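Asks: Sharing a structure below in structure tokens format, with a few things to ask.
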2 protein chains.
Amino acid sequence: MGATDGDIMDKNAMDKDAADKNASADKRETGTLGKLMVLLDIVTHADGPMRFTDILSVAGQPRGTLHRQLGHLTEEGLLEVLADGRYAPGLRLLDLASRSWARNEFRLIAEPHLNALQQLTGETVHLGVLRGASVIYLDKVEGSQPVRMYSQIGNASPVYCTGVGKAALSALPDDQLDAIISSVSFLRFTENTLTPETLRSEITDIRRSGNAFDREEHEVGIRCVAAPVCSEDLSFVGGVSVTGPAYRLTLERLEEWALPVRRAAESIMSGMRIGLGPRR
Amino acid sequence: MGATDGDIMDKNAMDKDAADKNASADKRETGTLGKLMVLLDIVTHADGPMRFTDILSVAGQPRGTLHRQLGHLTEEGLLEVLADGRYAPGLRLLDLASRSWARNEFRLIAEPHLNALQQLTGETVHLGVLRGASVIYLDKVEGSQPVRMYSQIGNASPVYCTGVGKAALSALPDDQLDAIISSVSFLRFTENTLTPETLRSEITDIRRSGNAFDREEHEVGIRCVAAPVCSEDLSFVGGVSVTGPAYRLTLERLEEWALPVRRAAESIMSGMRIGLGPRR
DNA sequence: AAATTGAGTTCTGAATAATGGAACTATCGG
DNA sequence: CCGATAGTTCCATTATTCAGAACTCAATTT
């Protein structure tokens, strides 16, 4: 079930009588851009390059229209046409993202603390941020191995089965928490994957202890300990985590690193207050 | 295809009036999307987050229009509004890029060969591809250090002063080569940075020997040896390189690695023939 | 070889969304 | 309180996008 776009209907704004404030609601009012982004999503989320017709069958646009749209996307470098005519994501995206990543202020603030935490634990350290009902990994610091970069960065994962995700949730006020929990469909990845109920009770624990754990809830053999990181105004809600294989991250080891992880989170938060707080 | 302009200007606008606007062929025929992408470029290329007014002053759009455009970009997650109202690149870009990177077929084919080359040399290995008059790095494999990911991947660099760039150029037919050379303005990064003339003569050498070198032409203290990688139909034109500090990469060492680099390039190309050649 | 299908491209009046100018609201500094 | 600077909303005008059909081109089938 693709959680694709929701609604696109909003014809005729018969604005006779006055306006209600458009409070929340998730009406995409992004006009042309919105339609193009849907296409971009279709192509980037596909398993591989797509032919014109493949796209046509899922895009719900007339052929001529789709053709022009793909043309525009291609001309801008957001898509690429392979030799055989199929469409793949374009390199322009890499360029944009690398800039956006390099200058991200949260990431820059967190960077030294992530490195320190990696040194201390020897395991892989992540910084993630909540976006909607997903966690996007903003940075990742690994130990030795000739690394697979990008391996995780930029990836979106479900909130309810990652340490960073649960940590982030614990920082939210209840109403937002409820909104997210009710909007997510809980897939069962492993034996230990949480349900809405167990998630709620875990959140309570996290708020008390300051640490979130992932005990093979997302992937068998992978554990992690995390702590929430957020800015005061909640413009940033995320977390730091230390992740590793279960044979190294025994349950005792997780407890042992709970404090250092919390400390790192605190350092990052105080860095944010300094770096972002005062007027600029 | 045709004139694939699309490249975005080089960095560091040094003195040099260089009043000539880049090829006036600003025939962006991408309608609304084109305008939005210009904005996105403005924000991602800036040194930091920009206020509405900052953008207004360079975007050349009326306030109301700009306001709506930024609103759309923000709503789609391509831009983000910070707590103080300034605009920064959005996280959606990371998500899109990580997908586009992970599935890139050229990168996937090259990956094992890059790793092997890194193992052999112990230095940093790059895979880059030509796009317009720039080189975009598609992958990077480093040795040990707790890595700075994204550090280079996705970055666009000038063709004329990187090993990969020169290698890529050498694979092009003369007319395309001429087009690129004449479209680029040659900034002088170091003592050794090439000029259009020296570049041309180097290209001749590269075509003969099969290797391109960067002898501190982009950055003092950094050298590299590269070899061209391209698909038969030139839908992919790029290169592989081994890069490192001058004190380790002596000139003799560069020569020593010239052959392994060429070999890696050949392996990648034969992988492409298998992987991309037959119909799919 | 002619006919048929499938895939992709181009064209057009009609409909929709973007434009740009101005008026409006905050917020700040004195 | 006033005058600036910064950001937001409104709305008639205009330019872009839309949708559908007609067209090209190549690969299959008869």
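Asks: Among what's in the range A:30-51 and is within 12 Å of DNA strand D (Cβ to nearest atom) and surrounded by fewer than 17 Cβ atoms within 10 Å (Cβ to Cβ), pick the residue that is modelled with the highest pLDDT.
Replies: Only one residue fits best here, namely A:34.
Asks: What's the number of the condition residue A:104 fails, among (1) within 12 Å of DNA strand C (Cβ to nearest atom); (2) open to solvent by 20 Å² or more (accessible area, probe 1.4 Å)?
Replies: Of (1) within 12 Å of DNA strand C (Cβ to nearest atom); (2) open to solvent by 20 Å² or more (accessible area, probe 1.4 Å), only one is false for residue A:104: (1).
Residue by residue, here is whether (1) within 24 Å of residue B:258 (Cβ to Cβ); (2) in contact with a strand residue (DSSP E or B) (Cβ under 7 Å, 6 or more places away or on another chain) holds:
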| site | (1), (2) |
| --- | --- |
| B:172 | yes, yes |
| B:177 | yes, no |
| B:183 | no, no |
| B:198 | yes, no |
| B:203 | yes, no |
| B:209 | yes, no |
| B:214 | yes, yes |
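Asks: Looking at A:252, A:232, A:256, A:217 in this structure, which one is farther than 19 Å from residue A:186 by Cβ and in contact (Cβ under 8 Å) with a residue 40 or more places away in the chain?
Replies: Unique residue meeting the criteria: A:232.
Asks: Determine whether residue B:76 is in contact (Cβ under 8 Å) with a residue 24 or more places away in the chain and within 13 Å of chain A (Cβ to nearest Cβ).
Replies: Values: in contact (Cβ under 8 Å) with a residue 24 or more places away in the chain: no; within 13 Å of chain A (Cβ to nearest Cβ): yes.
Here the answer is no, as residue B:76 does not meet what is asked.
Asks: Let me ask something else about it. Which members of the range B:97-142 meet the condition of being among the basic types (Lys, Arg) and within 19 Å of residue A:74 (Cα to Cα)? Give the derivation first.
Replies: Step one: of the range B:97-142, the residues among the basic types (Lys, Arg) are B:99, B:103, B:107, B:131, B:140.
Residues satisfying the conditions are B:99, B:103, B:131.
Asks: Checking residue A:232 against (1) surrounded by 13 or more Cβ atoms within 10 Å (Cβ to Cβ); (2) farther than 15 Å from residue A:167 by Cα, which single condition isn't satisfied?
Replies: (1)
Asks: Every residue in the range B:118-131 that is at the interface with chain A (Cβ under 9 Å from one of its Cβ atoms) and open to solvent by 20 Å² or more (accessible area, probe 1.4 Å), please.
Replies: Within the range B:118-131, B:119, B:131 qualify.
Condition check ((1) under 21 Å from residue B:130 (Cα atoms); (2) away from DNA strand C (no atom under 14 Å from the Cβ)) across all residues:
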residue: A:40; (1), (2): no, yes
residue: A:68; (1), (2): no, no
residue: A:71; (1), (2): yes, no
residue: A:81; (1), (2): yes, no
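Asks: Also, quick follow-up: Anything in the range A:134-164 that is open to solvent by less than 30 Å² (accessible area, probe 1.4 Å), assigned to a strand (DSSP E or B) and either modelled with pLDDT of 85 or more or at the interface with chain B (Cβ under 7 Å from one of its Cβ atoms) (or both)? List them, or say none.
Replies: Our first condition is that a residue be open to solvent by less than 30 Å² (accessible area, probe 1.4 Å); within the range A:134-164, this holds for A:135-143, A:147, A:149-150, A:153-154, A:157, A:159-164.
Those left that are additionally assigned to a strand (DSSP E or B): A:135-141, A:157.
Within the range A:134-164, A:135, A:136, A:137, A:138, A:139, A:140, A:141 meet the criteria.
Asks: What single numbered condition from (1) more than 10 Å from every other protein chain (Cβ to nearest Cβ); (2) more than 25 Å from residue A:71 (Cβ to Cβ); (3) open to solvent by less than 40 Å² (accessible area, probe 1.4 Å) fails to hold for residue B:59?
Replies: (2)
Asks: Also, I was wondering about something else. Scan B:273, B:263, B:207, B:200 and give me the residue that is touching a helix residue (DSSP H, G or I) at 6+ places or on another chain (Cβ under 6 Å) and open to solvent by 40 Å² or more (accessible area, probe 1.4 Å).
Replies: Values: B:273 fails: touching a helix residue (DSSP H, G or I) at 6+ places or on another chain (Cβ under 6 Å); B:263 fails: touching a helix residue (DSSP H, G or I) at 6+ places or on another chain (Cβ under 6 Å); B:200 fails: touching a helix residue (DSSP H, G or I) at 6+ places or on another chain (Cβ under 6 Å).
From the options B:273, B:263, B:207, B:200, the qualifying one is B:207.
Asks: Also, quick follow-up: Only one of (1) within 15 Å of DNA strand D (Cβ to nearest atom); (2) at pLDDT 90 or above is not met by residue A:83, so which one is it?
Replies: (2)
Asks: Still on this structure, please answer the following. Just the residues that are more than 7 Å from every other protein chain (Cβ to nearest Cβ) and of a type in the set (Ser, Thr, Tyr), please, taken from the range A:86-117.
Replies: Hit for the range A:86-117 is A:87, nothing else.
Asks: Residue under question is residue B:255, and the condition is that it be open to solvent by 30 Å² or more (accessible area, probe 1.4 Å) and not in a loop (DSSP other than H, G, I, E, B); does it hold? Before the answer, list the steps.
Replies: Details: open to solvent by 30 Å² or more (accessible area, probe 1.4 Å): yes; not in a loop (DSSP other than H, G, I, E, B): yes.
Yes; evaluated as a whole, the condition is true for this residue.
The values are calculated or read from the model by the stated rules, or taken from the named source; none is laboratory data. Since the structure is predicted, the reported quantities are computational estimates derived from the model, not experimental observations. In this analysis, Cβ positions are derived from the backbone assuming ideal geometry, glycine residues included, and neighbour counts consider all displayed protein chains. Remember, those area values only see protein heavy atoms, side chains included, never the ligands or the DNA or RNA. Shrake-Rupley method; radii C 1.70, N 1.55, O 1.52, S 1.80 Å.
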